[in-house]
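Below is one structure; the comments refer to it alone.
The values are calculated or read from the model by the stated rules, or taken from the named source; none is laboratory data. Everything numeric here is computed off the predicted structure, so don't read it as measured data. Note that we place each Cβ from the backbone using ideal geometry, even for glycine, and neighbour counts take in every protein chain shown. These accessible areas exclude ligands, DNA and RNA; they are computed on the full protein's heavy atoms, side chains included. Shrake-Rupley method; radii C 1.70, N 1.55, O 1.52, S 1.80 Å.
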Amino acid sequence: MNKVMIRLLSLSLLLTAALATPAAAKAPIVGVGDQKPSMFSDPNFQKLGVKHSRITLSWDWYRHGWMVDELDAWMAGAQANGVRPLVAFNRSWAANGHRKAPSLSAYRKSFRLVRQRYPFVRDFSAWNEANHSSQPTSKKPRLAARYYKAMRRDCRGCTVVAADVLDSKDMLSWVKKFKKHAKSARIWGLHNYKDANDATGTTKLLLRAVKGQVWLT
């Protein structure tokens with residue numbers, strides 16, 4: 001649990017109103033991201049009083065029994081502790097997973113199965129760090145936009161992070177291309193590790209480039 005405590009800020013989700021004035025802005029929602037279900041039973045985590053948590057999920061999770069078992073355990077732990085999950089879809093961890101993007105029908109099937117198995121989950125991220133070189137969407141912002149729009153169509157009542165990006169050099173150009181194909185996007189995700197550690201200013205750059213809300217990881 002010490003690792004979770006130390007990395008609380010770097011793994012936390014801060015929901016901020018990007019266009020709100022400081023006086024009108026609401027207090028941020030803070031969560032902890034951890035893949036291990038044991039986090040929920042750890043007394044140190046429970047003392048935090050955190051009620052939001054993020055988990056990344058391989059899009060082909062349902063094809064692997066051990067992934068299903070781990071996800072079941074994680075979701076059970078979240079429910080037992082009154083924690084609201086945010087599920088971020090991710091690359092397959094197969095050897096060629098960084099190159100193989102799921103078809104739209106395969107993506108929708110994976111999302112549908114999550115919704116059927118865990119109907120209490122209402123918060124999703126269409127794709128984790130979609131511009132990262134390890135992701136099959138890194139050179140395909142249009143495909144990432146198609147995933148987002150499919151997720152929105154399939155769950156109108158869900159909160160969906162449209163584009164969840166890393167603050168790398170290609171961030172703004174990638175987001176610009178994504179926006180052309182997802183004009184209605186109003187919730188964005190930013191993994192601003194470089195800005196948090198080296199004050200690169202990328203957080204402000206994204207806030208200026210998009211409309212709506214930005215979730216910081």
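With the other protein chains left in place, how much accessible area per residue, in square angstrom, belongs to the chain at a 1.4 angstrom probe?
Per residue, the chain has an accessible area of 51 Å².
What is the packing order of peptides 67-79, 108-120, 159-171, taking the mean over residues of other C-beta atoms within 10 Å and listing the highest first?
159-171, 67-79, 108-120
Quick check on the chain: helices-only [θ] at 222 nm, where DSSP H runs of length 4 and up contribute -39,500 (n - 2.57) each and the sum goes over total residues. Nearest 500, please.
So the helix-based figure for the chain works out to -11000 deg cm²/dmol.
Pairwise over distinct Cα atoms, reciprocal of the mean inverse distance: report the Kirkwood radius of the chain in Å, one decimal place.
17.7
Where both residues lie in the chain, what percent of DSSP beta bridges are antiparallel, nearest 5?
15
When only alpha-carbon atoms are used, what values of Rg and Dmax, in angstrom, describe segment 72-197?
Taking only Cα atoms of segment 72-197, I get Rg and Dmax of 14.6, 42 Å.
Rounded to the nearest 20 Debye, what is the dipole magnitude of the chain about its Cα centre when Lys and Arg each give +1 and Asp and Glu each give -1 at the C-beta?
1160
Which lysines, if any, have their Cα less than 20 Å from the Cα of Lys51, not counting same-chain residues under 8 positions apart?
Lys3, Lys26, Lys36
Ala88's amide H: which non-local residues (gap 5+, or another chain) put their own amide H closer than 5 Å, with H modeled 1.01 Å from N in plane and none for Pro or chain starts?
Excluding prolines and chain starts, which carry no amide H, the hits are Ile55, Thr56, Leu57, Ser125.
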